[in-house]
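Since the structure comes first, as structure tokens, the remarks are kept for the end.
Any read-out appearing in this document is the output of simple, stated calculations on the displayed coordinates, not a laboratory observation. Quantities reported herein were computed from a predicted structural model and do not represent experimental measurements. Every residue, glycine as well, gets a Cβ built from its backbone with ideal geometry; the counts of neighbours run over all protein chains shown.
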Amino acid sequence: MSEPDVTVSFMQGSYSQSGMPRPRTITHVISVSDVDEFGTCRRSIENTYRQSDEGRQARVSATGVIPVSEVLEDLKDYSHEKKILEHGFTFNTQWWKEELAAANWKSEGKLAADAPAEVNVSRSDLFDMASAVHNGTVSPEDFAFNVLLWGSGESRRNNRARIKSIVEAKGGEDLKQALDLSRSDVLASFDAFKPRGRNRFRYLGPAFFTKLMYFYGSGSPEHKPLIVDLRVLRTLSRTEAGNGIYVGHNYGVTTYTKALAVMEHLSDVARAEGGADLAGCTPDLVERWAFDQGGAPK
């Protein structure tokens, strides 16, 4: 079912790195948002549509605040089993196998040359794979390739360059070091993936390397890194706690730190005020909710 057109007032324009808006307020009838890879509005609008089972009026303003009460109501439908552990996709891996072979990389697991062409990759699978990296039975490169498969699917855009960059890194040492840091020092891990403001691995920006940081925790609730991409940032920017957060692709460590703080805050509020339904709400459930709210669900 397509989203209905709605009349809204919104702020047209972009946000600076400091999070300050450069807007002008206009009223328009919109149905979709269309943002290019650099985070610039092609149609000068950003629309988030949500409608409850009871047919509540859509929330669509890019500058409107999502009330905490609605966040908590949404999160009641988010179970750890369904929304986290079982969150996965079925892929055809033929392109990946060919590209890994072309890069002289002999992969293992679901991307191995003799593995089935059709595979399902879930968050739970990647948590298990991270544990195998910890004990030395899986390489950090294979872990990274499987996370990229989960995060980008069968899309070939930029993945060839990502594969080459990871394979050509110092025997996986830089990748392993950055991953290991995610278990003890989140900011140092982020900086290792993006030293001096430049991505360590070509075309592997924060939207992707924060996935590596997150999954490397093997699902432990004590592991601090979370996935933060454009969709997550869009949603967080519309919460009271996330007001002023920078919304864009190639963001820096300050934005990541604030995004983590907002998601942890919302999970804390959910556990404190959401009753029995939200007693086990974790920050990654908030991340999954923010992703779903930030665009059309996968």
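By the scheme Lys and Arg +1, Asp and Glu -1, what is the net charge of all other residues having a beta-carbon under 14 Å from that of residue 160? Walk me through the intermediate numbers first.
Details: positive: 97, 156, 157, 162, 164, 202; negative: 98, 99, 154, 168.
The answer is +2.
Where Lys and Arg each count +1 and Asp and Glu each count -1, what net charge lies around residue 100 among other residues with Cβ under 11 Å from its Cβ?
-1
Rounding to the nearest 20 debye, state how big the charge dipole of the range 88-181 is about its Cα centre with +1 on each Lys and Arg Cβ and -1 on each Asp and Glu Cβ. Spell out each step's value before the answer.
Numbers: 11 positive and 14 negative charges, 62 e Å.
Charge dipole, the range 88-181, about its Cα centre: 300 debye, nearest 20.
With r defined as the distance between the Cβ atoms of residue 220 and residue 94 and R0 fixed at 45 Å, what FRET efficiency is calculated, to the nearest 0.05? The partial results should precede the final answer.
Details: r = 34 Å, r/R0 = 0.75.
FRET efficiency, residue 220 to residue 94: 0.85.
Please tell me the relative contact order of the range 88-181 in percent, rounded to the nearest whole number, where contacts are Cα pairs under 8 Å and at least six residues apart. Provide the component values of the computation, followed by the final result.
Working: 80 pairs, mean separation 29.5, N = 94.
Across the range 88-181, relative contact order equals 31 percent.
Checking the table 82/176; 176/258; 170/258; 170/194; 110/170; 110/211 against a 20 Å threshold on Cα-Cα, which pairs fail?
Numbers: 82/176 30 Å; 176/258 25 Å; 170/258 32 Å; 170/194 16 Å; 110/170 24 Å; 110/211 18 Å.
Pairs exceeding 20 Å: 82/176; 176/258; 170/258; 110/170.
On a full-extension model of 0.36 nm per residue, what is the gain between residue 271 and residue 76, subtracting their alpha-carbon distance, rounded to one decimal in nm? If you can, show how the numbers build up before the last one.
Numbers: separation 195, 0.36 × 195 = 70.20 nm, distance 1.08 nm.
So the chain would gain 69.1 nm between residue 271 and residue 76.
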